[in-house]
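J.: The structure is given below, and queries will be raised subsequently.
The values are calculated or read from the model by the stated rules, or taken from the named source; none is laboratory data. These numbers come from a predicted model, not from an experiment. We place every Cβ from the backbone using ideal geometry, glycine too, and count neighbours over all the protein chains shown. All accessible areas refer to the heavy atoms of the entire protein, side chains included, with ligands and DNA or RNA removed. Shrake-Rupley method; radii C 1.70, N 1.55, O 1.52, S 1.80 Å.
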Amino acid sequence: MKLSKHLPLSILFALSSLVLLAQPTVPPGYFMFPIKPGQRNFLSGTMGEIRSNHFHGGLDIKTDQRVGLNVYAAADGYISRVKMSTYGYGNIIYITHPNGLVTTYAHLLSFYNPLAEYMLQEQYKRKTFELELFPDKNLFPVKKGDVIALSGNTGGSGGPHLHFEVRDTEDKLYNPLKFGFTEIIDTTPPEIYTLGIQPLNIYARVNQEFGRAEFATKKAGNTFTLPDTVYGHGLLGLELQTIDRLDGADNKNGTQDITVFVNNRQLYNHHIDKVPFELSRQVSQHINYPMYKRNGRTFQKNFVDYGNDLPLYTAPENRGRLNVHPDSTYQVRIVTKDSYENTSTLSFVLKGQKPSFSQTLAKQVKEPKIEYEVIGNILKISATDTSATPRNVELYKANRKMLLVPSYTRNSVSVNLYDLRAGFPDSMHFCGISRPLSFQKVIPPGREVEYTNKYLKVEFNKASLYDTLYLQTSLEGDVYTIGDFFTPLHQAMKVTVTPSTPIIDKSKAYVYFLGLGRGRGFTGGTWNGNSITFTTKNMGKFRVIEDKKPPVIKLLSKNKDQIKFRISDDLSGLSSFNAYVNGEWLLMKFEHKTATIYSEKLDKSKPLSGEVILTVRDTAGNEAIFKTTI
């Protein structure tokens, strides 16, 4: 289908989404279910579920809470790619089929022979556990139903299961349930927990307030309602917290399809049956990212946010945003579907109501306070007032004073709104309280922008940002703050800092991401004189730390067949490990979930005997050596 450049933009948006979402057509029964084919089975994960930084790209098939089940080739083809890794997919096989589709089988315990022997030989040849190979198409042909591996729990798996995908040659991921597997039964409709409504401009209100509001639903079968009418004004974005369950399982799975109707007219739809692998990180724009990062709750936006290029949407009018006018009534119906077309519906009434000043007072306010947050382009200032008569907030910009009149007052807290597109204020003042505002630069998306001050330099590339960023940075002690933890990045930004505290050994000093808790994530960096430059896909707090402690090695067991260790590092993380027996390299397999490494001999008939030397290095270059004899 060819899209004409002369069509209106709204039609192009809708048509392009439909074209990109087409599911490949295969004959019924073309694919065999890869675990216990022909028997009733269950899933712990489905296509399109929201994960921390991506959409789940296939099925997680239960394996009776154990490892070692036979894994079957879903169709004729050949093994085109195989990988062994500590993290991610763990041990994984890719099979290319004659129709051009590719199936993947991940978190495997072990491969079948001769593939297992081929990989072992290559690991010893290259002296590495981590290995990815692309065998010739004639090397490992398979027939539908061949046993290719045993199911496992390797890599980033949270428990024994098989991760199964269907891809095309461009690594676009398709929903395997659409290929007609009878092993999975689902007649259970989705659950709808909560509706979120987000104001999207300075005039927007939800029940006369500027701020995101949530509404719990009431359930009657597969029909959900809100207990009360919602009042709104201006440009609003809807969000939905919804999950799906399959028959006979308690897992909370994702829903694949959400459609919004307003007064019986479709405003928005998304359909997660095909996700381009390279765009999967844009899940952070598909959901309410700050809400997910704060408390793990997943709200899918029912509008297409700026910077979101995923081919999942049909939203030709205003990208799915709802523009609410005073004295108008909107009958809203949100329909959710799972992969088996089981449907649930949320219905509610939204009435347009012009914003007006209103006031409620707290019983006692002892002292004034002033706080602020940025919502989109809007600076929202909350001023707690001791006076029964609300007072204005003063903004200063280059010695010019601006008065912000309260929009409304709730429990003696006056809300004042300012559009940051009018320029950055330097400070805000209220009842003798003065607070500086650390806005430093407007960073638009789609452009290369550099910002430099006395303690850091930040460089954004064209794809770093999804939307406009009102950059704030600070330095407190030796902790650098860039933006905040709740702002997602699409691609990495580059940062250079010059620590004020002298670094004794730069070869052991790197940048760490501090996140919200006590954890410290290794980010790295390259020194140039007294400055260190690093790239990161996170915004938040960073610190340069010297790592002087080597990894810890503990011998767990040793005999003539196998030797096993526990290895760990408390800061920069493990980088490499190598074991030698009488000077000959010995393959050590790493299971990060238990922090253990264990040997596998190349020649199974040859006993382990002699001096064993294990060397473990961390990412900062610290080295630990353990010696023993067998």
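J.: Within the stretch 534-549, is even one residue more than 30 Å from Thr452 (Cα to Cα), surrounded by fewer than 16 Cβ atoms within 10 Å (Cβ to Cβ) and either touching a residue at least 60 places away in the same chain (Cβ under 8 Å) or out of contact with any Gly (no Cβ under 7 Å at 6 or more places or on another chain) (or both)?
T.: Yes, the stretch 534-549 contains a residue that is more than 30 Å from Thr452 (Cα to Cα), surrounded by fewer than 16 Cβ atoms within 10 Å (Cβ to Cβ) and either touching a residue at least 60 places away in the same chain (Cβ under 8 Å) or out of contact with any Gly (no Cβ under 7 Å at 6 or more places or on another chain) (or both).
J.: With the requirement that a residue be open to solvent by 60 Å² or more (accessible area, probe 1.4 Å) and closer than 30 Å to Tyr292 by Cα, what does the stretch 40-79 give you?
T.: Residues satisfying the conditions are Phe42, Arg51, Ser52, Asn53, His54, Lys62, Gln65.
J.: Now for a separate question. Being more than 30 Å from His54 (Cα to Cα) and either open to solvent by less than 30 Å² (accessible area, probe 1.4 Å) or at pLDDT below 95 (or both) is the filter here; which residues of the stretch 562-571 pass it?
T.: The initial filter retains those residues of the stretch 562-571 that are more than 30 Å from His54 (Cα to Cα), namely 562-566.
Hits for the stretch 562-571 are Ile563, Phe565.
J.: A further question follows. Output the residues belonging to the stretch 66-104 that are under 19 Å from Asn175 (Cα atoms), in contact (Cβ under 8 Å) with a residue 60 or more places away in the chain and not in a strand (DSSP E or B).
T.: Across the stretch 66-104, the qualifying residues are Ala73, Ala74, Ala75, Tyr89, Asn99, Gly100, Leu101.
J.: Select from the stretch 136-152 the residues that are surrounded by fewer than 20 Cβ atoms within 10 Å (Cβ to Cβ) and assigned to a loop (DSSP other than H, G, I, E, B) and list them in ascending order.
T.: Answer for the stretch 136-152, where residues must be surrounded by fewer than 20 Cβ atoms within 10 Å (Cβ to Cβ) and assigned to a loop (DSSP other than H, G, I, E, B): Asp136, Lys137, Asn138, Leu139, Lys143, Lys144, Gly145, Asp146.
J.: Something else about it: I need a count of the residues in the stretch 80-108 that are within 20 Å of Phe129 (Cβ to Cβ) and either open to solvent by 10 Å² or more (accessible area, probe 1.4 Å) or in contact with a strand residue (DSSP E or B) (Cβ under 6 Å, 6 or more places away or on another chain) (or both).
T.: Count: 17.
J.: Select from the stretch 572-595 the residues that are of a type in the set (A, V, I, L, M, F, W, C), open to solvent by less than 30 Å² (accessible area, probe 1.4 Å) and within 20 Å of Thr619 (Cβ to Cβ) and list them in ascending order.
T.: Ala579, Met588, Phe590, Ala595
J.: Pick from the stretch 189-220 the residues that are farther than 30 Å from Asp244 by Cβ and aromatic (Phe, Trp, Tyr): which of them is least open to solvent (accessible area, probe 1.4 Å)? It would help to see each step written out before you state the result.
T.: Here is the first cut: in the stretch 189-220, the residues farther than 30 Å from Asp244 by Cβ are 201-205, 208-210.
With aromatic (Phe, Trp, Tyr) added as a condition, the list becomes 203, 210.
Values: Tyr203: 150, Phe210: 2 Å².
The extreme case among them is Phe210.
J.: From the residues in the stretch 606-618 that are within 19 Å of Lys127 (Cα to Cα) and not in a strand (DSSP E or B), which one is least open to solvent (accessible area, probe 1.4 Å)?
T.: Top of the filtered list is Leu608.
J.: Could you list, ordered by first residue, the pairs with Cβ atoms under 6 Å in which the first is in the stretch 115-138 and over 10 Å from Leu587 (Cα atoms) and the second is open to solvent by less than 30 Å² (accessible area, probe 1.4 Å) and among the small types (Gly, Ala, Ser), at least 6 apart or interchain?
T.: Partner pairs satisfying both residue conditions: Glu130/Ser85.
J.: Let me ask something additional. So which residues in the stretch 545-570 are closer than 16 Å to Glu591 by Cβ, of a type outside the set (A, V, I, L, M, F, W, C) and part of a strand (DSSP E or B)?
T.: Answer for the stretch 545-570, where residues must be closer than 16 Å to Glu591 by Cβ, of a type outside the set (A, V, I, L, M, F, W, C) and part of a strand (DSSP E or B): Lys554, Ser557, Lys564, Arg566, Ser568.
J.: With among the hydroxyl-bearing types (Ser, Thr, Tyr) and under 20 Å from Tyr268 (Cβ atoms) as the only criterion, which of Ser347, Ser356 stands out?
T.: The conditions single out Ser347.
J.: When the residues of the stretch 114-160 are narrowed to those that are among the small types (Gly, Ala, Ser) and more than 29 Å from the chain's Cα centre (by Cα), which ends up farthest from Thr63 (Cα to Cα)?
T.: From the stretch 114-160, those among the small types (Gly, Ala, Ser) are 116, 145, 149, 151-152, 155-159; that's our starting set.
Now restrict to residues that are more than 29 Å from the chain's Cα centre (by Cα): 116, 145, 149.
Details: Ala116: 21, Gly145: 17, Ala149: 13 Å.
Selected residue: Ala116.
J.: Could you please find all residues in the stretch 342-368 being surrounded by 13 or more Cβ atoms within 10 Å (Cβ to Cβ) and among the β-branched types (Val, Ile, Thr)?
T.: Thr343, Thr345, Val349, Val365
J.: So, one more: Determine whether the stretch 369-392 contains at least one residue that is open to solvent by 40 Å² or more (accessible area, probe 1.4 Å), assigned to a strand (DSSP E or B) and closer than 30 Å to Ser328 by Cβ.
T.: Yes; the residues of the stretch 369-392 include at least one that is open to solvent by 40 Å² or more (accessible area, probe 1.4 Å), assigned to a strand (DSSP E or B) and closer than 30 Å to Ser328 by Cβ.
J.: Given the residues Leu131, Leu177, Leu173, which is the only one that is in contact with a helix residue (DSSP H, G or I) (Cβ under 7 Å, 6 or more places away or on another chain), among the aliphatic types (A, V, I, L, M), open to solvent by less than 40 Å² (accessible area, probe 1.4 Å) and modelled with pLDDT under 95? Spell out the reasoning first.
T.: Working: Leu131 fails: modelled with pLDDT under 95; Leu177 fails: in contact with a helix residue (DSSP H, G or I) (Cβ under 7 Å, 6 or more places away or on another chain).
Among Leu131, Leu177, Leu173, only Leu173 is in contact with a helix residue (DSSP H, G or I) (Cβ under 7 Å, 6 or more places away or on another chain), among the aliphatic types (A, V, I, L, M), open to solvent by less than 40 Å² (accessible area, probe 1.4 Å) and modelled with pLDDT under 95.
J.: Determine whether Gly525 is under 24 Å from Arg294 (Cβ atoms), of a type in the set (Gly, Ala, Ser) and free of Cβ contacts under 8 Å to residues at least 60 places away in the same chain.
T.: no
J.: Let me ask something else. Might you check whether a residue that is at pLDDT 95 or above and hydroxyl-bearing (Ser, Thr, Tyr) occurs anywhere in the stretch 581-595?
T.: No, the stretch 581-595 has no match at all.
J.: Is the stretch 164-178 home to any residue that is closer than 24 Å to Arg297 by Cβ and of a type in the set (Ser, Thr, Tyr)?
T.: No, the stretch 164-178 has no match at all.
J.: Go through the stretch 293-341 and report how many residues are among the aromatic types (Phe, Trp, Tyr) and open to solvent by 50 Å² or more (accessible area, probe 1.4 Å). So that I can check it myself, show each step before the final result.
T.: Just the residues of the stretch 293-341 that are among the aromatic types (Phe, Trp, Tyr), to begin with: 299, 303, 306, 313, 330, 340.
Then keep just the ones that are open to solvent by 50 Å² or more (accessible area, probe 1.4 Å); that gives 306, 340.
Number satisfying all stated conditions: 2.
J.: Can we say Gly159 is small (Gly, Ala, Ser), under 26 Å from Gln241 (Cβ atoms) and either loosely packed, with under 15 Cβ neighbours inside 10 Å or at pLDDT below 95 (or both)?
T.: On the way: small (Gly, Ala, Ser): yes; under 26 Å from Gln241 (Cβ atoms): yes; either loosely packed, with under 15 Cβ neighbours inside 10 Å or at pLDDT below 95 (or both): yes.
Spelling it out, Gly159 is indeed small (Gly, Ala, Ser), under 26 Å from Gln241 (Cβ atoms) and either loosely packed, with under 15 Cβ neighbours inside 10 Å or at pLDDT below 95 (or both).
J.: Which number in (1) surrounded by fewer than 20 Cβ atoms within 10 Å (Cβ to Cβ); (2) closer than 23 Å to Asn207 by Cα; (3) in contact with a Leu (Cβ under 7 Å, 6 or more places away or on another chain) marks the one condition that Phe277 misses?
T.: Among (1) surrounded by fewer than 20 Cβ atoms within 10 Å (Cβ to Cβ); (2) closer than 23 Å to Asn207 by Cα; (3) in contact with a Leu (Cβ under 7 Å, 6 or more places away or on another chain), Phe277 violates only (2).
J.: In the stretch 332-354, what count of residues is obtained for those that are in a loop (DSSP other than H, G, I, E, B) and in contact (Cβ under 8 Å) with a residue 24 or more places away in the chain?
T.: 6
J.: Please pick out the residue among Ile272, Ile258 that is hydrophobic (A, V, I, L, M, F, W, C) and under 17 Å from the mean Cα position of the chain (by Cα). Please lay out each step first, then the result.
T.: Values: Ile258 fails: under 17 Å from the mean Cα position of the chain (by Cα).
Only one candidate passes the filter, namely Ile272.
J.: Give the residues of the stretch 398-440 that are on the phi > 0 side of the Ramachandran plot, within 37 Å of the chain's Cα centre (by Cα) and open to solvent by 30 Å² or more (accessible area, probe 1.4 Å), sorted by residue number.
T.: Within the stretch 398-440, Asn411 is the sole residue that qualifies.
J.: Also, quick follow-up: Go through the stretch 506-519 and give me each residue that's surrounded by fewer than 19 Cβ atoms within 10 Å (Cβ to Cβ), in contact (Cβ under 8 Å) with a residue 12 or more places away in the chain and under 20 Å from Ser52 (Cβ atoms).
T.: Correct list: Gly515, Leu516.
J.: Which one is modelled with the lowest pLDDT, of the residues in the stretch 488-505 that are open to solvent by 20 Å² or more (accessible area, probe 1.4 Å) and touching a Leu at 6+ places or on another chain (Cβ under 7 Å)?
T.: By that ranking, first place goes to His490.
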